Amino acid sequence: MSRQASPAPRPDAPGDRLLRPLRYAVRVPLLTLHLALGLPLTLLAINPLTVRWTLDGERVDHRAIRWWSNTLMRIFGLRVRRVGQPLRQAHLLVANHVSWIDIELVHSQRVVGFVAKSEISRWPLVGWLAGRAGTIYHQRGSNASLSSVLDRMVGRLDSGQAVGVFPEGGTSGGGTVRTFHARIFQAAFEAQVPVQPVALRYGESGSAQTRIAFAPGENFLQNFLRVLGEPSRVAEVHFLAPITPGEEGRRQVAEQARESIIAAMDS
């Protein structure tokens, strides 16, 4: 999966430039504490035993990951607002893609094993945690890798697990939802599971999409640090009506999912 450069985020307002150092002064210690204490606790809860343990119908390791992700979102000043309900059975979750923090936003509400570009596995901390959460890595540009990924997706769906994908094929500039690659939807057809579109929106009415997205030439660490100093705002995750694969082809399902997400983004 490739990442396209986003338009440069609009400059900080004068007041925001003055407050950014203060936000770092508060958030960096909180992030350090979350890494020093929260990370070991989360990792203790992710082990072969907790896969079998449930609490109120949810796996204990999934609950731990949700706690980690919710706390991280709050440290970054993002107040999560959920609209709709995530499916609990096996399904293919498809979402628009803005930035690396999209996975944390989804995981704050529903833990799924995402399909992600292999470069993420080398990102500090996030890549390692994503691997522990069951991420399936794809070597972009490799048809053999994609075929292997599809096989693993079907295997997980057949075993009753959920799988998440970003069918745009990479992050966008935040202002548009690009065409969905239909091939990745094949897994839902083979496993005969529903597709749940999910719209991810940052700021009121999506006003902060370009602030969260990668700026031109910005790498993961640079984006991580910049977003850490951003003003507090809402982050919305809209779980939309599921689509059951039927006689229509995967291209039709992909377009239906995309249109559903665009409608939620414009609401």
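The table for this structure:
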quantity: Lone qualifier among 176, 171 - being over 28 Å from residue 88 (Cα atoms), in a loop (DSSP other than H, G, I, E, B) and either of a type in the set (S, T, N, Q) or in contact with an Asp or Glu (Cβ under 7 Å, 6 or more places away or on another chain) (or both); calculated: 176
quantity: Some residue of segment 173-180 being at pLDDT 90 or above, in contact with a helix residue (DSSP H, G or I) (Cβ under 6 Å, 6 or more places away or on another chain) and of a type in the set (A, V, I, L, M, F, W, C); calculated: yes
quantity: Condition broken by residue 146, with the remaining ones in (1) more than 30 Å from residue 19 (Cβ to Cβ); (2) hydrophobic (A, V, I, L, M, F, W, C); (3) at pLDDT 90 or above; (4) out of contact with any Asp or Glu (no Cβ under 8 Å at 6 or more places or on another chain) satisfied; calculated: (3)
quantity: Filter result (part of a helix (DSSP H, G or I) and either within 18 Å of residue 97 (Cβ to Cβ) or modelled with pLDDT of 95 or more (or both)) within segment 192-221; calculated: 206, 209, 210, 211, 212, 220
quantity: Residues satisfying the stated conditions in segment 156-212, i.e. in contact with a Ser or Thr (Cβ under 9 Å, 6 or more places away or on another chain), surrounded by fewer than 23 Cβ atoms within 10 Å (Cβ to Cβ) and among the β-branched types (Val, Ile, Thr); calculated: 210
quantity: Yes/no for residue 267 being surrounded by fewer than 21 Cβ atoms within 10 Å (Cβ to Cβ), more than 19 Å from the chain's Cα centre (by Cα) and among the polar types (S, T, N, Q); calculated: yes
quantity: Some residue of segment 253-261 being of a type in the set (Lys, Arg) and at pLDDT 95 or above; calculated: yes
quantity: Residue match in segment 223-235 (condition: more than 17 Å from residue 90 (Cα to Cα), modelled with pLDDT of 95 or more, of a type in the set (Val, Ile, Thr) and in a helix (DSSP H, G or I)); calculated: yes
quantity: Residue match in segment 78-87 (condition: surrounded by 18 or more Cβ atoms within 10 Å (Cβ to Cβ) and closer than 22 Å to residue 223 by Cα); calculated: yes
quantity: Residue satisfying all of: in segment 109-140; buried (at least 21 other Cβ atoms within 10 Å of the Cβ) and more than 22 Å from residue 47 (Cβ to Cβ); modelled with the highest pLDDT among these; calculated: 115
quantity: Single residue of segment 46-71 satisfying the filter (surrounded by 17 or more Cβ atoms within 10 Å (Cβ to Cβ) and out of contact with any Ser or Thr (no Cβ under 8 Å at 6 or more places or on another chain)) that is modelled with the highest pLDDT; calculated: 71
quantity: Selection count where residues are within 25 Å of residue 189 (Cα to Cα), β-branched (Val, Ile, Thr) and out of contact with any Leu (no Cβ under 8 Å at 6 or more places or on another chain), scope segment 71-107; calculated: 2
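The values are calculated or read from the model by the stated rules, or taken from the named source; none is laboratory data. The model shown is predicted, which means the values in this text are computed figures rather than measured ones. We place every Cβ from the backbone using ideal geometry, glycine too, and count neighbours over all the protein chains shown.
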